[in-house]
Amino acid sequence: MSSGTRNNWKPTALPADAEATRQLQEWLGDEGYSLFGIEHDFRGADLSDGDFSGSWFIEAVLAGVRLVGASFYRADLRSADLTGADLTGADFVRANLDEAVLRSARLDGADMVKASLYGVDASGASFRGTRIMGASLFGVDMRGADLTDAVLFENTFKVTVDDSTVVRGLAGTVFGPITVFSGESSRELAGAELEAWIAERGGQVQVIPPYRTPQ
């Protein structure tokens, strides 16, 4: 968003929490700083199309918040609660989502290039058509998630999936391994086994070896 245009954007709905609303309104009136939303409760808001680049949402509550097309470029969302949030088409390029909760969130068509996701609960989340290229995923729970037509590129992809995780149309390159749960049992898949598991479910992913043995 170019300088001077922030005031042209207004939230469709403000948060129910008075303190979060005050913080948001102060930020809207001042082009000089990023939104300081740490530990604030934004539930009830519709912040679609807002530009929150470089903002701080550490431990913020954004559960159920509508954030369609919002930009979180280089934003800090560590430990934020985004349960059930609508993040369709949102920009998370280089955002920090470590320890965040994305349970049942909708991230269809979102751009997550080079984002950081460590210890994230993304169970039941929708990543249909999401660009996850170059993002780091360590310890991400994707059980029940929908990765239909999502795109990967040289991703660290240490995720947990299960039989209900959808990978149809998932494409690109990853470093494994992933952990697959089936009922009470689990197994780790890497290399050709991981490629085959995804292919059986309609995806086409190439698993990159973590290192190459000298010839």
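The values are calculated or read from the model by the stated rules, or taken from the named source; none is laboratory data. Note that the structure is predicted; figures quoted are calculated from it, not measured. Cβ coordinates were reconstructed from backbone atoms using ideal geometry, including for glycine residues, and neighbour counts include every protein chain displayed. Ligands, DNA and RNA are stripped out before the accessible areas are found, and what is left, the full protein with its side chains, is counted by its heavy atoms. Shrake-Rupley method; radii C 1.70, N 1.55, O 1.52, S 1.80 Å.
A crude spin-label estimate for the pair Phe138 and Phe153, with each label 7 Å from Cα along the Cβ direction, gives 2.3 nm. Here the mean projected area of the convex hull built on the C-alpha positions of the stretch 18-109 is 4.9 nm². Using a 1.4 Å probe on the protein chains only, how many percent of the accessible area of the chain belongs to carbon and sulfur? Carbon and sulfur together cover 47 percent of it. Evaluated with a Cβ-only charge set (Lys, Arg +1; Asp, Glu -1), the stretch 55-196 carries a dipole of roughly 340 debye about its Cα centre, given to the nearest 20. Normalised by the residues of the chain, what does the relative contact order come to in percent, with Cα pairs under 8 Å and at least six apart? Answer for the chain is 10 percent. In this rough spin-label picture, where each label sits 7 Å from Cα along the Cβ direction, the Gln204-Ala16 distance is 4.7 nm. If the Kirkwood radius is taken over C-alpha pairs of the chain, then at 37 °C and 0.692 mPa s the Stokes-Einstein diffusion coefficient equals 186 µm²/s.
Residues in the chain average 46 Å² of solvent-accessible surface per residue, probe 1.4 Å, ligands and nucleic acids excluded.
Suppose we keep just the DSSP beta bridges with both residues in the stretch 86-215; what percent of those would be antiparallel, to 5? Expressed as a percentage, antiparallel bridges in the stretch 86-215 total about 15.
For the stretch 13-80, a simple Cβ point-charge model (Lys and Arg +1, Asp and Glu -1, everything else neutral) yields a dipole of about 220 debye relative to the Cα centre. Pair-distance distribution P(r) for the stretch 90-135, from all Cα-Cα distances in 5 Å bins starting at 0: 7, 25, 30, 33, 5 percent. For Asp146, the residues whose amide H sits under 5 Å from its own are Ala125, Ser126, Phe127, Val166, ignoring neighbours fewer than 5 places away on the same chain, with H placed 1.01 Å from N. Its Kirkwood hydrodynamic radius, worked out from the mean inverse distance over all distinct Cα pairs, puts the stretch 110-215 at 13.5 Å. The label point for Glu39 and the one for Arg168, both projected 7 Å from the Cα toward the Cβ, are 4.5 nm apart.
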